[in-house]
Amino acid sequence: MSLPFWPTDRLYFKTGPKAHNPAEGGKGDRPSALVRRTRVGMSVSELAVSDKNREGGKGDRPSALFQVPFVSSEKSATFRHSLVRRTRAGMSVSELAVSDKNRVTEGGLHPLILTKSVKGAKRISAVNLPAHKLGLAMGQTLTHARALFPDIKTIEADEKADEQDLTKLAHWMIRFSPHCAPYIFGSKYAILLDITGCEHLFGGEAQLLAAISQCFARFGIYARIACAPNKGSAWAMAFYDRRAKTGISIGVDDLSLIDDLPIEAMRMDGKTNDNLHALGLNKIGKVAQIAPNSVVRRFGPETLQALNRVRGREAEAINPLREISPNKITHQIPHSILTQEGLEPAMQVAIRKLCRELVQKGQGAKIMRISFFRVDGVVFEIKATASLVNNKPETWFMLLKERLDIEADKMDLGFGVDLICAEAQLTERLQAQVVDLDPLSAAAIQSAEAVHMLAERLSARIGAKNIIRLRPQENWVPEHAQTRIPAIDSAGENKSIPEFIAKRRPPFLLNRPENIQAIAEVPDGPPRQFLFRSLSFKVKSFVGPERIIEPLLSKSPNAEMPINSHKIRDYYQVETQSGARFFLFRSGFYGGDIAPKWYVHGGG
Amino acid sequence: MRTQTVIELQKSINSIEGYKNGHSDSYANNDGNFIPSGAPRFDAALFGGIALGKITELKPDAYLSEVSMLSFAIALCGALLQKRSGDLVIISDPYFTQEWGEVYAAGLQGFGILPHRILLVTPQSREHFQSCIREVAGTNGLGAVLGMVSAKNGFDLTAARKLQFAASQGGAPCILASAHRAVGFCCAHLRLKIGPRQARLPDWAQTTQENVLMPLGFARWNIDIEKSRQGSIGHFELEFSNETYNLCEPPFLANRSALFQDWAKSA
């Protein structure tokens, strides 16, 4: 069995790998630390890929599977050191495997276990090799373990962090296939890849599997790879076939190999597994020999479904991590790029390639995303949105460069970026451009284009939500009479407001009306004097009242409005003796139980 | 009254900048990069009108006059957009939004600016504010640019100069509305101090009592020209007609009795 290892410190997005503490054996040099980890212990993971060409036209989508060991992770510097120690001691995982018995660890090997609460009791969820040799196993209670070995080192398992790490790794594996998803079944962690149509990009299926294997060897992860026509059999082979350690690929004709696998490979619940074991049905082949009706009657329809899935008779979808866009190119960099300045030319090449493809299709993009793949399993992305659909590489490069400059502080290039992927996420057929010979119209078209490009540049710089178009709404209530939409999403509407309303509205409206004290004629006269922000104003001229009644939301539409209902507003536009203008309203009427309130809603 | 020294200095500056006449009362020899505001005496004082590709700075005369200054800025933009194509780009400041409210499309339409011609930029930090206003000022094809400058987002010398260059590249009238407490530099071609003024009363209202409320007239402002590169300083009263969407000076009642004329001047 190989020594399990999970270099989660290399998979943290923001911090990146750090030099190891020399006191703990690391020389502070990243490559040697990586080598050291490789020498010290190998990670256990299983990878399964499948090929649609082998499925024989059953319609099943091929799937690939990658399993990574279950490891807890902490979020502190202390953890990083302890992670290094664990690395040398051997990572604890749910499934133990020693890759090479000749790879002796250095220094003292400490037994280490991960624990988690199961039904109110702390139980061991993973053990490392020394702990395994001491006789500790998964499922034992922590109390039992401490009774045997009081000094045993324990760490609380963090499943959420492990899932996040798995997701990050799955993101990185999109470089092999866009149809990629993490998959967790119980304590088994895996990554599914659908490599249909991808293998030729790597020179064939064998080369693709070898490339995946090499990548994980570089990380220090020992990959178990299984390639099968469908998801179920790939998962089964990866976890339960010994040959997956070195990689195995089976076709439609080889599906009989599945029959020799244990029933746990069918991914059923524990109770069903126990029932099958109790009847001596401990292999998939034995269950397959039973008539389907009997299987359903005896063990339930889920068992038959599990059997059909593992044998490829029932389709099982992979839910990809990211939306798959049809317009995507990858640009492989022969050497890794370590600086932001180096990224820009490579990004420009990728954008040109993508735009060439869009031009050939007669399409333009509205959103473009660039993903940068680091050599050590981290991916970071930038995205830009254009206000007009276009396929000009200069425009897209300018927008994406703005985003890159803004995100540069958050990016850690680590050991370098070796792959750039450009995707056009929202594409449309390009409309024919309007060319007008009339100079006035041409000037208007040019200025409209200039505004669009300005909106794009500013959106890339400060965010699309800060570049706004005002869209009038048909609503009498002033604060509801307009909405703000991002300029890049506005479709160039030419709505306007009726003139008689526009002349009665102020140019500036407060978000929240400010309460004031006012003296006014009863019952519904204009204010004569009011106190606003500790200053007293005498009204000289006014226009109003304009009565606006907000609709009742909960009561029936025919219900009478009570006299003091604060849903009635009487608006006045007033000018004071000094010449300042305000937009006031009174909420409610005089003469009732509750005194009406006056507010300033705007000015100018 | 301006001193003779200042007048002579201005003449020499005008001649250096290529204005043959160099006289501040005549704008016959300007390079044509002005848009008239609609008020002839005001435009004459500005040597033609509001300059294109140059910065016009507006300052309130008091804290409460900020809202009047903003409405004058909108009125000025409305008058300019009647004569120019392109959109109005407003770079707002959180200070003004908090004090006097957000830009309201219906109210701007009352000043002749249709909603689809407004692009609102709301930067959240000083660096973004200054880079956005430079970017906007340097863009060709815009109708007008209105920037609201608070005390927090004021310009230093370098930033002010960069903005001036950007405005000259863009070619649109660039109007900066500064808060009352704003400090900072501004390479303004024209600086105006704005104060509110009561609207003109209708004829029938001129003999009514003080405590009688009047109907609302056109918005009116007191304008003091504090600095004008090619023009002269002075005091003006301008009002905005929302029938013609233009700035104008209130007509003078020349054919009325002296009593009414005195009253009209003092009102």
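The values are calculated or read from the model by the stated rules, or taken from the named source; none is laboratory data. These numbers come from a predicted model, not from an experiment. Virtual Cβ from ideal backbone geometry, glycine too; neighbours counted across all protein chains shown. Side chains included, ligands, DNA and RNA excluded: accessible areas come from the protein's heavy atoms. Shrake-Rupley method; radii C 1.70, N 1.55, O 1.52, S 1.80 Å.
The selection criterion, being within 7 Å of chain A (Cβ to nearest Cβ), part of a helix (DSSP H, G or I) and at pLDDT 90 or above, holds for B:L70. With respect to the conditions (1) away from chain A (no Cβ under 11 Å); (2) in contact with a Phe, Trp or Tyr (Cβ under 8 Å, 6 or more places away or on another chain); (3) buried (at least 24 other Cβ atoms within 10 Å of the Cβ), B:M148 falls short on a single one, namely (1). Considering (1) under 30 Å from A:S233 (Cβ atoms); (2) in contact with a strand residue (DSSP E or B) (Cβ under 7 Å, 6 or more places away or on another chain), the lone condition that A:I337 does not fulfil carries the number (1).
Given the residues A:R369, A:R356, which is the only one that is outside any strand (DSSP E or B), over 19 Å from A:I467 (Cα atoms) and modelled with pLDDT of 90 or more? Break it down stepwise before answering.
Working: A:R369 fails: outside any strand (DSSP E or B).
Checking each option against the conditions leaves just A:R356.
Residue under question is A:R505, and the condition is that it be in contact (Cβ under 8 Å) with a residue 40 or more places away in the chain, surrounded by 13 or more Cβ atoms within 10 Å (Cβ to Cβ) and either over 21 Å from A:S578 (Cα atoms) or charged (D, E, K, R) (or both); does it hold?
Details: in contact (Cβ under 8 Å) with a residue 40 or more places away in the chain: yes; surrounded by 13 or more Cβ atoms within 10 Å (Cβ to Cβ): yes; either over 21 Å from A:S578 (Cα atoms) or charged (D, E, K, R) (or both): yes.
It is true that A:R505 is in contact (Cβ under 8 Å) with a residue 40 or more places away in the chain, surrounded by 13 or more Cβ atoms within 10 Å (Cβ to Cβ) and either over 21 Å from A:S578 (Cα atoms) or charged (D, E, K, R) (or both).
Show me the helices (runs of 4 or more DSSP H) found entirely inside segment A:233-321 where at least 3 residues are among the polar types (S, T, N, Q).
Details: elements: A:270-278, A:284-288, A:292-299, A:301-310.
Filter on segment A:233-321 gives A:270-278, A:301-310.
Right, A:I485: more than 8 Å from chain B (Cβ to nearest Cβ), hydrophobic (A, V, I, L, M, F, W, C) and either open to solvent by 20 Å² or more (accessible area, probe 1.4 Å) or part of a strand (DSSP E or B) (or both) or not? So A:I485 fits the description; yes.
In segment B:79-92, the residues that are more than 9 Å from chain A (Cβ to nearest Cβ) reach residues that are at pLDDT below 90 and open to solvent by 10 Å² or more (accessible area, probe 1.4 Å) with C-beta atoms within less than 6 angstrom, at least six apart or across chains, in these pairs: B:A79/B:G38; B:A79/B:N246; B:L80/B:I35; B:Q82/B:Y245; B:K83/B:I35. All conditions in (1) hydroxyl-bearing (S, T, Y); (2) modelled with pLDDT under 85; (3) closer than 28 Å to A:F380 by Cβ hold for A:S459, with the sole exception of (2). The one condition from (1) surrounded by fewer than 20 Cβ atoms within 10 Å (Cβ to Cβ); (2) assigned to a helix (DSSP H, G or I); (3) at pLDDT below 85 that A:R103 does not meet is (2).
Checking the stated criteria, A:N293 turns out to be free of Cβ contacts under 8 Å to residues at least 40 places away in the same chain and open to solvent by 70 Å² or more (accessible area, probe 1.4 Å).
Screening the candidates A:A238, A:A228 for the property of being more than 17 Å from A:N308 (Cα to Cα), buried (at least 23 other Cβ atoms within 10 Å of the Cβ) and in contact with a strand residue (DSSP E or B) (Cβ under 7 Å, 6 or more places away or on another chain) yields one hit, A:A238.
One line per residue, one yes/no per condition, for (1) within 11 Å of chain B (Cβ to nearest Cβ); (2) in contact with a Cys (Cβ under 9 Å, 6 or more places away or on another chain); (3) part of a strand (DSSP E or B); (4) modelled with pLDDT of 85 or more:
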position: A:L400; (1), (2), (3), (4): no, no, no, yes
position: A:I406; (1), (2), (3), (4): yes, no, no, yes
position: A:D418; (1), (2), (3), (4): no, no, yes, yes
position: A:C421; (1), (2), (3), (4): no, no, yes, yes
position: A:Q431; (1), (2), (3), (4): no, no, no, no
position: A:A450; (1), (2), (3), (4): yes, no, no, yes
position: A:N475; (1), (2), (3), (4): yes, no, no, yes
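Which residue is most open to solvent (accessible area, probe 1.4 Å), if the candidates are limited to segment B:108-128 and must be more than 9 Å from chain A (Cβ to nearest Cβ) and assigned to a helix (DSSP H, G or I)? Checked segment B:108-128; the qualifying residue most open to solvent (accessible area, probe 1.4 Å) is B:E127.
Give the number of residues within segment B:39-63 that are more than 22 Å from B:F185 (Cα to Cα), out of contact with any Leu (no Cβ under 7 Å at 6 or more places or on another chain) and not in a helix (DSSP H, G or I).
3
Going by what's in this entry, would A:S213 be described as part of a helix (DSSP H, G or I) and crowded, with 18+ Cβ neighbours inside 10 Å? Spelling it out, A:S213 is indeed part of a helix (DSSP H, G or I) and crowded, with 18+ Cβ neighbours inside 10 Å. Of the residues in segment A:244-256, at least one is farther than 22 Å from A:G186 by Cα, over 32 Å from the mean Cα position of the chain (by Cα) and open to solvent by less than 30 Å² (accessible area, probe 1.4 Å). Beta carbons closer than 9 Å, at least 6 apart along the sequence or on distinct chains, pair a first residue in segment B:211-237 that is within 14 Å of chain A (Cβ to nearest Cβ) and closer than 20 Å to A:F582 by Cα with a second that is modelled with pLDDT under 80 and open to solvent by less than 20 Å² (accessible area, probe 1.4 Å) for B:V212/B:A205; B:M214/B:A205; B:P215/B:A205.
So is A:I195 of a type in the set (A, V, I, L, M) and either within 29 Å of A:P262 (Cα to Cα) or in contact with a Pro (Cβ under 6 Å, 6 or more places away or on another chain) (or both) or not?
Values: of a type in the set (A, V, I, L, M): yes; either within 29 Å of A:P262 (Cα to Cα) or in contact with a Pro (Cβ under 6 Å, 6 or more places away or on another chain) (or both): yes.
Yes; evaluated as a whole, the condition is true for this residue.
Taken over segment A:319-342, the criterion of being crowded, with 17+ Cβ neighbours inside 10 Å and over 30 Å from A:L192 (Cα atoms) is satisfied by no residue.
Every condition in (1) surrounded by fewer than 22 Cβ atoms within 10 Å (Cβ to Cβ); (2) out of contact with any helix residue (DSSP H, G or I) (no Cβ under 6 Å at 6 or more places or on another chain); (3) not hydroxyl-bearing (S, T, Y); (4) not in a strand (DSSP E or B) holds for A:K168 except the one numbered (2).
Selection of first residues in segment A:522-542 that are more than 11 Å from chain B (Cβ to nearest Cβ) and touching a residue at least 40 places away in the same chain (Cβ under 8 Å) and of second residues that are open to solvent by 50 Å² or more (accessible area, probe 1.4 Å) and basic (K, R), restricted to Cβ pairs under 9 Å at least 6 apart or on distinct chains, gives the following pairs, ordered by first then second residue: A:D524/A:R547; A:F530/A:K538. For segment A:452-473, taking the residues that are within 9 Å of chain B (Cβ to nearest Cβ) and over 22 Å from B:I74 (Cβ atoms), the one that is surrounded by the most Cβ atoms within 10 Å (Cβ to Cβ) is identified as A:I462. Applying the set (1) touching a residue at least 40 places away in the same chain (Cβ under 8 Å); (2) surrounded by fewer than 23 Cβ atoms within 10 Å (Cβ to Cβ) to A:D260 leaves exactly one unmet item: (1).
Whenever a residue of segment A:412-427 is under 17 Å from A:I324 (Cβ atoms), its partners that are assigned to a loop (DSSP other than H, G, I, E, B) and open to solvent by less than 20 Å² (accessible area, probe 1.4 Å), lying with C-beta atoms within less than 6 angstrom and at least six residues away or across chains, give the pairs A:E423/A:S325; A:Q425/A:S325. As for segment A:518-540, it holds no residue that is polar (S, T, N, Q), surrounded by 13 or more Cβ atoms within 10 Å (Cβ to Cβ), at pLDDT below 90 and on the phi < 0 side of the Ramachandran plot.
Could you tell me which residue of segment A:493-517 is farthest from the chain's Cα centre (by Cα), considering only residues that are assigned to a loop (DSSP other than H, G, I, E, B) and more than 7 Å from every other protein chain (Cβ to nearest Cβ)?
Here is the first cut: in segment A:493-517, the ones assigned to a loop (DSSP other than H, G, I, E, B) are A:493-498, A:503-507.
Now drop any that are not more than 7 Å from every other protein chain (Cβ to nearest Cβ), which leaves A:498, A:504.
On the way: A:P498: 45, A:R504: 48 Å.
Filtering segment A:493-517 for residues that are assigned to a loop (DSSP other than H, G, I, E, B) and more than 7 Å from every other protein chain (Cβ to nearest Cβ), the one farthest from the chain's Cα centre (by Cα) comes out as A:R504.
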